[in-house]
């Protein structure tokens, strides 16, 4: 008896890692497309069947931890997952043996499903809520076993409560822990590569991508690309007059306009306080100048609405450099783009500066 319940427990814990590996992207929010909801339920249903197979028979009844997969489906998948898991578990139970105990199992699982769905409705699952639900589910299972199936063994009830509680809480803790760990990993990965304010690449990631371009240019003589440096004109004046909070709003809006006016394959980054950069792979010099001008017009052509509701006209200066037109070595492109940006700032701002010869 204890051996079979322990086997159920080990199967359950092993499943938790597989479950979180498959569905780690959506466990926290339970937001899945219908096929994935069904797949979640199918996984939980198959787990329930395995638990039944490795359960033990006592007075023509199979004792196992099948209620926990139903709870997992309800807490982390919703009603579609629960219905799918329920159908698979009951089909497996009936195929194993058809008797009064199977009918009582049907009733028990229905009650467990309803309890868990009601407890998790419109709420993110958490370990404490799962603990209360698990206690209630254990009570239902014990009542059905004691009064309906007439199984009065105190040792059986004690072992079932012990391993069911242990297995349930371990399951929910492991799933929550793995899901949150994955979420934190994604956040750290985002913070390592993206600027927190604008949502585009940060300087470190941009330099990493730029070095990849250098390598590609070295491998392929026909590879060409352009680099655009741009700087917000009189940004210090904006911060002094409107405050740093509104200055951040300007930076966010500039990041958004860069995304709208470049291809998804064009890496854009914030590389300094008010300094931005864009890489244009497989781009001719003429096209790079067109893109630079489009960015300039996109910024100056429409005022930025500040959080106060005020409209602020903002301009940018841009320096554009192209490989191989402006440089024999791609590594010198940042220096050339920076020189052209400085030229644009010194000759009136709100303009694009570039060269059509080697620099």
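Here is how the numbers come out for the structure above:
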| read-out | value |
| --- | --- |
| 341, 9, 183, 128 arranged by Cβ crowding within 10 Å, fewest neighbours leading | 128, 183, 9, 341 |
| Contact order normalised by residue count of the range 218-359, Cα under 8 Å, 6+ apart, percent | 30 percent |
| Amide N proximity, the range 230-260 versus residue 275 label position 7 Å along Cα-to-Cβ, cut-off under 15 Å | 230-236 |
| The chain: calculated mean residue ellipticity at 222 nm from DSSP helix runs of at least 4, using -39500 (n - 2.57) | -21000 deg cm²/dmol |
| Gain upon complete extension [residue 131, residue 236; 0.36 nm per residue less C-alpha separation] | 32.3 nm |
| For the range 203-353, alpha-carbon Rg over 2.2 N^0.38 Å | 1.05 |
| Stretchable slack from residue 18 to residue 211, in nm (0.36 nm times residue separation minus alpha-carbon distance) | 65.7 nm |
| Order of 338, 233, 248, 64 under a 10 Å beta carbon neighbour criterion, fewest first | 248, 338, 233, 64 |
| Residue 192/residue 148 FRET efficiency (R0 56 Å; Cβ-Cβ; nearest 0.05) | 0.50 |
| Extension gain from residue 94 to residue 347, taking 0.36 nm per residue of separation minus the Cα-Cα distance | 82.7 nm |
| Helix 67-77 vs. the chain, principal-axis angle (Cα, 0 to 90°, nearest 10) | 20 degrees |
| The chain: radius of gyration and largest Cα-Cα distance (Dmax), Å | 30.9, 93 |
| Where labels lie 7 Å past Cα in the beta-carbon direction, separation of residue 180 and residue 165 in nm | 2.2 nm |
| Relative contact order, percent, the chain [alpha-carbon distance under 8 Å, six or more residues apart] | 13 percent |
| Rounded to 10°, Cα long-axis angle of helix 2-23 versus longest principal axis of the chain | 20 degrees |
| Helix 244-260 axis, angle to the chain major axis (alpha carbon atoms, nearest 10°) | 90 degrees |
| Förster radius 41 Å - calculated FRET efficiency between residue 25 and residue 157, Cβ distance, rounded to 0.05 | 0.55 |
| Exposure proxy ranking, count of Cβ atoms within 10 Å, fewest first, for 90, 158 | 158, 90 |
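Any read-out appearing in this document is the output of simple, stated calculations on the displayed coordinates, not a laboratory observation. Just so it is clear, the model here is predicted, and its values are computed rather than measured. As a convention, Cβ positions derive from the backbone with ideal geometry for all residues, glycine included, and neighbour counts pool all protein chains shown.
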